[in-house]
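Peer 1: Below you will find the structure I want to go over with you.
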Amino acid sequence: MNHIPNTTAALAALVLALIAMPGVASFRAQTRQPTSPAPEVNLSVGGEVKRPLKLTAADLSKLPRAKVRTSDHGTEAVFEGVPLGEVLKLAGLEFGETLRGKRLEMYLLVEAADGYKAVFALPELDPAFTDKVVLLADRRDGKPLAGEEGHLRIVVPDERRHARWVRQVVSLIVRRA
Ligand SMILES: Nc1nc2c(c(=O)[nH]1)N[C@H]1C(S)=C(S)[C@@H](COP(=O)(O)O)O[C@H]1N2
Ligand SMILES: [Mo]
């Protein structure tokens with residue numbers, strides 16, 4: 001009668017293999033509640049900052065927020081999110097009075113999941129220098145960003161070309177030129 005334990009073992013192995021299959025994993029992901037409020041934000045903030053961070057959507061929701069009304073493909077859109085400078089401040093970066101001298105050699109590199117990258121000079125992100133708010137947006141017209149855009153996207157108001165509107169933002173790295 002030792003074929004019964006063998007059958008049980010084979011069944012267990014089959015079940016484990018099925019669970020591990022990518023197709024099954026994505027099926028499970030798709031069957032999650034569509035109203036689930038947990039966008040999978042995992043933003044890393046690093047480089048020349050005092051406190052390198054990993055931020056979730058919940059972390060971002062605690063930071064000061066801003067809205068930017070802008071034209072996207074000729075249509076008015078309201079993007080909402082966290083001013084990029086606020087995210088860097090949380091990581092310990094200083095703006096304002098101390099942003100001069102050698103510190104003006106610093107820049108921010110924004111990286112996307114698809115490898116796309118763009119840089120910003122720190123004064124572009126500092127309210128002491130400019131009234132323009134470069135946004136790390138997580139919502140458009142009140143709805144969470146999703147799909148091609150990713151969960152996080154850079155929005156640069158008043159910039160005629162949208163090449164720095166990085167989609168699918170995954171990391172912010174401060175570097176020295
Ligand atoms: N991650 C990522 N972001 C990106 C790009 C890209 O290729 N990858 N292209 C940029 C360019 S050149 C433009 S014009 C805009 C286009 O944004 P849209 O797809 O919303 O029109 O996204 C920018 N952000
Ligand atoms: Mo573009």
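The values are calculated or read from the model by the stated rules, or taken from the named source; none is laboratory data. Nothing here was measured: the structure is a model prediction, and the numbers come from that model. Using ideal geometry, Cβ is built from the backbone for each residue, glycine included, and neighbour counts are taken over all protein chains shown. In case anyone asks, the SASA skips ligands and DNA or RNA and just uses the protein heavy atoms, side chains included. Shrake-Rupley method; radii C 1.70, N 1.55, O 1.52, S 1.80 Å.
Peer 1: Counting only residues that are open to solvent by less than 20 Å² (accessible area, probe 1.4 Å), more than 13 Å from the chain's Cα centre (by Cα) and either among the charged types (D, E, K, R) or near ligand 1 (Cβ under 10 Å from one of its atoms) (or both), how many does region 161-174 have?
Peer 2: Qualifying residue count for the region: 0.
Peer 1: Return a yes/no flag: does region 81-93 have any residue that is within 16 Å of ligand 2 (Cβ to nearest atom) and among the small types (Gly, Ala, Ser).
Peer 2: Looking through region 81-93, none of the residues is within 16 Å of ligand 2 (Cβ to nearest atom) and among the small types (Gly, Ala, Ser).
Peer 1: Check region 72-83 and report whether any residue there is over 19 Å from Arg51 (Cβ atoms) and aliphatic (A, V, I, L, M). Break it down stepwise before answering.
Peer 2: Looking only at region 72-83, we keep the residues that are over 19 Å from Arg51 (Cβ atoms), and these are 72-81.
With aliphatic (A, V, I, L, M) added as a condition, the list becomes 77-78.
Taking every residue of region 72-83 in turn, at least one turns out to be over 19 Å from Arg51 (Cβ atoms) and aliphatic (A, V, I, L, M).
Here's the yes/no breakdown for (1) open to solvent by less than 90 Å² (accessible area, probe 1.4 Å); (2) within 14 Å of Arg153 (Cβ to Cβ); (3) at pLDDT below 95; (4) outside any strand (DSSP E or B):
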{"site": "Pro39", "(1), (2), (3), (4)": "yes, yes, yes, yes"}
{"site": "Gly46", "(1), (2), (3), (4)": "yes, no, no, no"}
{"site": "Val68", "(1), (2), (3), (4)": "yes, yes, no, no"}
{"site": "Phe79", "(1), (2), (3), (4)": "yes, yes, no, no"}
{"site": "Val82", "(1), (2), (3), (4)": "yes, yes, no, no"}
{"site": "Leu88", "(1), (2), (3), (4)": "yes, no, no, yes"}
{"site": "Gly92", "(1), (2), (3), (4)": "yes, no, no, yes"}
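Conditions tested, residue by residue: (1) within 16 Å of ligand 2 (Cβ to nearest atom); (2) closer than 20 Å to Glu48 by Cβ; (3) of a type in the set (S, T, N, Q).
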residue: Ala66; (1), (2), (3): no, no, no
residue: Thr98; (1), (2), (3): no, yes, yes
residue: Leu109; (1), (2), (3): no, yes, no
residue: Phe120; (1), (2), (3): no, yes, no
residue: Leu125; (1), (2), (3): no, yes, no
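Peer 1: Something else about it: Scan region 109-150 for residues that are in contact with a strand residue (DSSP E or B) (Cβ under 6 Å, 6 or more places away or on another chain), open to solvent by 20 Å² or more (accessible area, probe 1.4 Å) and on the phi < 0 side of the Ramachandran plot and report the count.
Peer 2: 9
Peer 1: Consider Asp158 carefully, then state whether it is open to solvent by 80 Å² or more (accessible area, probe 1.4 Å), modelled with pLDDT under 95 and away from ligand 2 (no atom under 16 Å from the Cβ).
Peer 2: yes
Peer 1: Further, regarding this structure: Evaluate the following for Leu104: is it surrounded by 18 or more Cβ atoms within 10 Å (Cβ to Cβ) and away from ligand 2 (no atom under 16 Å from the Cβ)?
Peer 2: When the stated conditions are applied, Leu104 does not pass them.
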